[in-house]
Every structure is written in structure tokens, then in C-alpha cells.
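Here is the structure we will look at.
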Amino acid sequence: MKRLLDSLGFDRDRVDWARLADRQDRRPRPVDPELRDRAQNLHRQLERFLQASDPWMLRPAGVADDDLPPGTDWHWRPRLLRGQIAPQAIAAPDSGQRLGDDAALWHDCRHRALILRQSVGPQTGQGASYRLGIEMLGFSGSFLSLALDLPNDALDGLGPDRILQLDVVMDAERPLTIYARINLVQGPNTETMLRQLGDPVAGHGARRRAEFDLAYAGLANRPIEKAWLDLIFEQPRMNAVSVNDAVLSHHPRAQT
């Protein structure tokens, strides 16, 4: 095994990936799984670095106070809408396709009849630097959702006395009903809350808001360990949607 890895140029401290790639191009051969795992891990880290170092990420990620409820003490815009992902265009994505460091697309369409495109999209009145377009061709699955992983600082102080608020700006080629679902993990349990984002989204620049009063989430008296938000697209066949902006925030609920 050591001789094989040596012949491939594998070194635990340094690997000449360009030379290995050239060698595979010239003479394809099975590669040690450990080497592929290491390459995939490096690929993920490089993608994170490239997204985090995108010049657009240097723009303030905040939201004007006037656009947030009084008492808001945390708000967040996904990295997907702030920094470039790689690749920026994906045809026939697998279910679970990662879109940068904090987003993934999930579906059950056997033919994967989807096209994803991230494009630069700063618009007047919108703080996002990028937008995500999803083209739904002959989509034959029963569900399609965009999952956004909340950062750890979102969980500080999050509990039954808080209200989570989602504000989104979207386009849709044809009327499309969209739901938002928050998922809160406490040990072996995951509590969920589902909200419809108002009337079906149609046209350009549609703004929608959803609120999640966590007093009704059935939370246990213990910290929330993980949370993510799903944007669920209902009956997405032969349509195209663009997520232009999304901001999640939380503030204290009114005391009664």
C-alpha cells in the first residue's frame, strides 16, 4: 500500500494534486479511497474559503433597523445570497446538493429535472449580493425544498419566549405556493413549525413574511442544539423561481 501511495504521489503532509490529476487523465486507474476522501475534504474547505473571500462578502450583511421588528437582537442573511458558490450553475442536481456552506437543495425527482443558477443580483432596496434561480422543467417529484442551516449564534437565547421572523423577496414565472418550515433540534427530538408564505408568489419582487412563535413549538426545557429553515415549493412543475433575498431574525415575544 505504501508503495502504491508513493507511486501516486501521496504524502500525508503534502500532495501534488495537479500531478495526480495529470496522471489520472493519462491513465485512469482506481484510486485509494483515503486519497479521494482527503481530496473531497480539501475541495469542501476550498469552496468555503472562496465563498468567504468573495469581495461581495465584504459588504455589510446587516439589515436596516426600520425593516426589523422592535427589540430584534439577532438577524441573518444566508451566505448563499452573500458570496459566490462553486459551481454557480448546476444541471440535474442530486437531492442534497450543497450550495455553499449553509444551504442545500432537496427533492425526489427521479430525472432530476432542475437547473440551479446563482447570479449577481444587487437590486434597489435589497441587501443580498446574489440570488438563486431554480428552473423546474419536467419535474415529476412530490417535493422540492431549499434548506438553510442557521448559524450557531442564532441559537443563543432561543426558546419559547422568542419569535422567529422570516422575510423573503422572490420572483416566480407562474403562481407558486411556498411554505417555510423551521426545524429545531433538542437531543433526539426535532420540533417543526410550518407557515405558508402568504398568497402564491407571482411576478417580480414579491415580498413575503412568516412568523414562528416558539411558545407554540413544543420545546423542552433545554437548549436548542441545531436549527434549519426549509423553503418548500408546492407543485413546482414547469416553473422558474428566484430567491432574491432572505433574512431571518428573532425578537422577544410580548409578555401577557
- Boolean, LEU194 is buried (at least 17 other Cβ atoms within 10 Å of the Cβ), touching a residue at least 12 places away in the same chain (Cβ under 8 Å), of a type outside the set (Ser, Thr, Tyr) and out of contact with any Cys (no Cβ under 6 Å at 6 or more places or on another chain): no
- Look through ARG174, ARG162, ARG208, ARG181 and report the one residue that is at pLDDT 90 or above, among the basic types (Lys, Arg) and more than 23 Å from LEU116 (Cα to Cα). ARG162
- Message: Could you list, ordered by first residue, the pairs with Cβ atoms under 9 Å in which the first is in segment 26-37 and surrounded by 11 or more Cβ atoms within 10 Å (Cβ to Cβ) and the second is not in a loop (DSSP other than H, G, I, E, B), at least 6 apart or interchain?
- Response: VAL31/LEU20; VAL31/GLN24; VAL31/ALA39; ASP32/LEU4; ASP32/LEU5; GLU34/LEU5; LEU35/LEU5; LEU35/LEU20
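Can you name every residue in segment 212-242 that is among the acidic types (Asp, Glu) and more than 18 Å from VAL201 (Cβ to Cβ)? It would help to see each step written out before you state the result.
Initially, segment 212-242 is screened for residues among the acidic types (Asp, Glu), giving 213, 225, 230, 234.
Within segment 212-242, ASP213, GLU225 qualify.
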- Message: Restricting to segment 80-106, name every residue that is touching a Pro at 6+ places or on another chain (Cβ under 8 Å) and within 17 Å of PHE233 (Cα to Cα).
- Response: ALA103, LEU105
- Would you point out the residue of segment 211-256, among those that are under 30 Å from GLU135 (Cα atoms) and among the acidic types (Asp, Glu), that is modelled with the highest pLDDT? ASP230
- Message: Suppose the filter is closer than 19 Å to SER242 by Cβ, touching a helix residue (DSSP H, G or I) at 6+ places or on another chain (Cβ under 8 Å) and modelled with pLDDT of 90 or more; does ASP167 pass it?
- Response: yes
- Task: Only residues that are in contact with a Leu (Cβ under 8 Å, 6 or more places away or on another chain), assigned to a loop (DSSP other than H, G, I, E, B) and exposed (fewer than 14 other Cβ atoms within 10 Å of the Cβ): list them for segment 69-89, please.
- Result: ALA86
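Among strands (runs of 3 or more DSSP E) lying entirely in segment 128-236, which contain 2 or more residues that are of a type in the set (S, T, N, Q)? Don't jump to the end; show me each part of the working.
Values: elements: 130-136, 144-149, 162-176, 178-186, 189-196, 201-213, 226-233.
It comes to 178-186, 189-196.
The values are calculated or read from the model by the stated rules, or taken from the named source; none is laboratory data. It should be emphasised that the depicted structure is a prediction, and the values quoted were computed from it without experimental measurement. When we count neighbours, we look across all protein chains shown, and the Cβ atoms used for this are built from the backbone with ideal geometry, even at glycine.
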